[in-house]
Amino acid sequence: MSKLAADHNAINLSQGFPDYESPAELSNLVSKYLQEGKNQYAPMAGVPLLRQRIAEKVYELYQHEYNPETEITITAGGTQAIFTAIAAAIEPGDEVIVFEPAYDSYAPTVKLFGGLVKPFELAPPDYKIDWQMVRKLISSRTRMIILNSPQNPSGAILEEEDIKQLIAITKGTDIIILSDEVYEHLVYDGKQHLSMARFPELRERSFITFSFGKLLHATGWKIGYCLAPQILMDEFRKVHQFLVFSVNTPMQYAIADFLSNKDYYLELGAYFQRKRDFFRSMMEQTRFELLPCQGSYFQSAGIRRITEEKDIDFVKRLTTEFGVAAIPNSAFYNKGNDYGVIRFCFAKREETLEKAVSLLTKV
Ligand SMILES: Cc1ncc(COP(=O)(O)O)c(C=O)c1O
């Protein structure tokens, strides 16, 4: 969709990236460390100071101490962390439960390592998980459950009841959780992000993955990290060592320095909530039906008041005829389920959102 948007000079609300810069202070720190000669290989697990800062941040947010030496690894983005966790845990024939709509890397990676994807389809408007049905999907071959909260593309989040059910379902099993928490700070309306790190019964079986791209408005930097108890992290690092070995050094120093400013990330939720509210209030003028958005920087919208077309056909037409690109949510389902819902990314400047909505009012 990004290519189609570029070809047609459309406003790109499809792919999830900001159209504004990360803080100048951060870029200055990158330049500083480049010039200071922090340009050689970092240690395999990541620059120690950055791992220390992450440990402090996680403790502050979720009240659990991960050991920076043995339980935190810096990766080349969230996607590499996800890939590495799956590679470390999955053997041919293992079953992996994936909640759909899902970020597109999970299923292909599971398949690459011979795993069997067991999709669990969630439906609009609220994408709630029916845990009784999840129980039915679990077998003696279930090796992993992949979770993503706040979820891309639905904007749904895990609530206390989900956590209770997850604890009950995994108790007494060897099931590993892969929890993709790249949008951890983007939770709205006074709700809390329920990281696996908060819950002893869950964190002991979890790889938790994060992305500095999302945290720092710098998706092109491709840097992130993984948290896991040592027994899992040992396996993770065996893959990581030969997949990337180590991640780019000056960025790691710069991020470590930058993260000492806690206010930056503590204010991120409110910052994106303002964008969400701005976008939603303007979208009231259109014929799109806004779905709930409790987290992430994506707003899903129903198109059935406008058209009976397939979501994919509609978004192509939206791009070429109306000049706004979005993603069809059917792309996030293995079977291409089309609920007549599309996804807009609101991590954009106000003027971009304003321009986009003025075009969307014509639809
Ligand atoms: C749910 C989810 N996980 C992971 C990623 C990837 O993060 P990164 O760009 O750091 O690989 C994204 C990016 O869009 C995402 O939406």
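The values are calculated or read from the model by the stated rules, or taken from the named source; none is laboratory data. Worth saying up front: this structure is predicted, and the values here are computed from it rather than measured. In this analysis, Cβ positions are derived from the backbone assuming ideal geometry, glycine residues included, and neighbour counts consider all displayed protein chains.
List of remarks:
- From the list 208, 138, 231, the lone residue that is surrounded by fewer than 20 Cβ atoms within 10 Å (Cβ to Cβ) and without any contact (Cβ under 8 Å) to a residue 40 or more places away in the chain is 231.
- Taken over the range 9-27, the criterion of being surrounded by 13 or more Cβ atoms within 10 Å (Cβ to Cβ), assigned to a loop (DSSP other than H, G, I, E, B) and of a type in the set (Ser, Thr, Tyr) is satisfied by 14, 22.
Condition check ((1) over 26 Å from residue 98 (Cβ atoms); (2) in contact with a strand residue (DSSP E or B) (Cβ under 6 Å, 6 or more places away or on another chain); (3) modelled with pLDDT under 95; (4) of a type in the set (A, V, I, L, M)) across all residues:
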position: 267; (1), (2), (3), (4): yes, no, no, no
position: 278; (1), (2), (3), (4): yes, no, no, no
position: 293; (1), (2), (3), (4): no, yes, no, no
position: 300; (1), (2), (3), (4): no, yes, no, no
position: 306; (1), (2), (3), (4): yes, no, no, yes
position: 309; (1), (2), (3), (4): yes, no, no, no
position: 336; (1), (2), (3), (4): no, no, no, no
position: 339; (1), (2), (3), (4): no, no, no, no
position: 359; (1), (2), (3), (4): yes, yes, no, yes
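Residues checked against (1) touching a strand residue (DSSP E or B) at 6+ places or on another chain (Cβ under 7 Å); (2) modelled with pLDDT under 95; (3) more than 30 Å from residue 42 (Cα to Cα); (4) within 11 Å of the ligand (Cβ to nearest atom):
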| position | (1), (2), (3), (4) |
| --- | --- |
| 143 | yes, no, yes, no |
| 157 | yes, no, yes, no |
| 164 | no, no, yes, no |
| 210 | yes, no, no, yes |
| 224 | yes, no, no, yes |
| 234 | no, no, no, no |
| 249 | no, no, no, no |
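- Test result for residue 184, more than 10 Å from the ligand (Cβ to nearest atom) and either farther than 18 Å from residue 145 by Cα or in contact with a Cys (Cβ under 6 Å, 6 or more places away or on another chain) (or both): yes
- Selection from the range 340-363 of residues that are surrounded by fewer than 21 Cβ atoms within 10 Å (Cβ to Cβ) and out of contact with any Phe, Trp or Tyr (no Cβ under 8 Å at 6 or more places or on another chain): 351, 352, 354, 355, 358, 361
Residues are listed down the side, and each one gets a yes or a no for (1) part of a helix (DSSP H, G or I); (2) buried (at least 19 other Cβ atoms within 10 Å of the Cβ):
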site: 59; (1), (2): yes, no
site: 66; (1), (2): no, yes
site: 74; (1), (2): no, yes
site: 83; (1), (2): yes, yes
site: 91; (1), (2): no, no
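- Of the residues making up the range 235-252, those that are assigned to a helix (DSSP H, G or I) and in contact (Cβ under 8 Å) with a residue 24 or more places away in the chain are 235, 236, 237, 238, 239, 240, 241, 243, 249, 250, 251, 252.
- Tally of residues being surrounded by 20 or more Cβ atoms within 10 Å (Cβ to Cβ) and farther than 27 Å from residue 301 by Cβ across the range 180-204: 5
- Complete set of residues in the range 28-42 that are over 10 Å from residue 248 (Cβ atoms) and surrounded by fewer than 14 Cβ atoms within 10 Å (Cβ to Cβ): 28, 31, 35, 36, 37, 40
- Here residue 223 does not qualify as in contact with an Asp or Glu (Cβ under 6 Å, 6 or more places away or on another chain) and crowded, with 23+ Cβ neighbours inside 10 Å.
- Selected residue (criterion: nearest to the ligand (Cβ to nearest atom)) from residues of the range 94-105 that are part of a loop (DSSP other than H, G, I, E, B) and surrounded by fewer than 21 Cβ atoms within 10 Å (Cβ to Cβ): 103
- Taken together, the residues in the range 106-135 that are on the phi < 0 side of the Ramachandran plot, in contact with a Pro (Cβ under 9 Å, 6 or more places away or on another chain) and surrounded by fewer than 14 Cβ atoms within 10 Å (Cβ to Cβ) amount to 1.
- Test: residue in the range 83-93 that is under 27 Å from residue 192 (Cβ atoms) and within 16 Å of the ligand (Cβ to nearest atom): yes
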